[in-house]
Structure formats: C-alpha cells, structure tokens
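Take a look at the structure below.
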Amino acid sequence: MISPIALSGVSRDALHHLKQMREINTVILRFGDLPGVLVPEVEGNLTHDELIGALPADQARLVVHELAFATAEGARRHEHLLVLWMPPGAGAQEEAYLAGYTALKEYLPDVRVHLTARRVDQLDYRRLVALAG
C-alpha cells in the first residue's frame, strides 16, 4: 500500500513559479528521501529536446511542462501538460508514481492535458501539440 503523497515546500514553490510567475516552463519531480514526498529534480526553461534529455532512461518521473505552440491559424498558445514518465525499466516504481500523478492532477486542476509516456516517441513534439490543441 502506498502512503499519502505530499509536495515538498520547494515543489509547491516550483509549481507556483511555473503556473503563476511564468519564470520557468518545466518542473520535473521525483520522490525524495522522505517516503511519499515529491521534490523537484529539474526546474527551468527547457526546450523540447532538453526536456527529453532530462528524463532518465530507467526511472520514473512526474513532469509539469508548459508547451508553447502555434495553432493552424498561426495564433500562439501555451498549454500545461502533466506527464507521468514511466520507462520500461521503472516498473517497480509504477505504483508510487501513479499515486503521485493522481495527487498532482488534484493539486493542478486547471491542467487539462494528462498523459503517461513509456517511450520517448510518445513525447514527440507534434503529438504533444495535437493533444494540447
């Protein structure tokens, strides 16, 4: 059984910077030393390629990312994504990260695009734009 999930104060601050202050576009969270507590691993302005490069190949992560794109009409849009990164080698972490993913959905009710990615191609920029559009 998974213990309740909590966001560290630093995680809440990072998500606030992302959502309200718009100082950054990405927060990547992992479980820290305390059981059930999510902490930021990466907090910054990442390009799509940098985001993909920041995800470990064999460990789960939770990602909140502001995707910038243009609509078919040429209008600029920004949409927040919540991603559960669950590569094949991270199977033992799935239950805990799924609980964290669920907790983040509740904490970030205005984020409407949620996805689970098990392979890098599932985070293809065009695919993300299609989901957000």
For residues that are open to solvent by 30 Å² or more (accessible area, probe 1.4 Å) and assigned to a loop (DSSP other than H, G, I, E, B), tally how many sit in region 72-122. 9
Do any residues in region 103-127 that are touching a residue at least 24 places away in the same chain (Cβ under 8 Å) and over 21 Å from A68 (Cβ atoms) have Cβ atoms under 9 Å from those of residues that are open to solvent by less than 90 Å² (accessible area, probe 1.4 Å) and of a type in the set (S, T, Y), where the two are at least six apart or on different chains, and which pairs are they? T116/Y101
If I filter region 42-56 down to residues being assigned to a helix (DSSP H, G or I) and of a type outside the set (D, E), which single residue comes out as least open to solvent (accessible area, probe 1.4 Å)? L51
Per the filter on region 1-38, residues of a type in the set (S, T, Y), open to solvent by less than 40 Å² (accessible area, probe 1.4 Å) and either more than 22 Å from M86 (Cβ to Cβ) or in a loop (DSSP other than H, G, I, E, B) (or both) are S8
Subset of region 17-55 [farther than 17 Å from L104 by Cβ and polar (S, T, N, Q)]: N45, T47
Residue check for Q59: out of contact with any Leu (no Cβ under 9 Å at 6 or more places or on another chain), in a loop (DSSP other than H, G, I, E, B) and either surrounded by 15 or more Cβ atoms within 10 Å (Cβ to Cβ) or of a type in the set (D, E) (or both): yes
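The values are calculated or read from the model by the stated rules, or taken from the named source; none is laboratory data. What you see is a predicted model; the values in this text were computed from it and never measured. When we count neighbours, we look across all protein chains shown, and the Cβ atoms used for this are built from the backbone with ideal geometry, even at glycine. Accessible surface areas use protein heavy atoms only, side chains included; no ligands, DNA or RNA. Shrake-Rupley method; radii C 1.70, N 1.55, O 1.52, S 1.80 Å.
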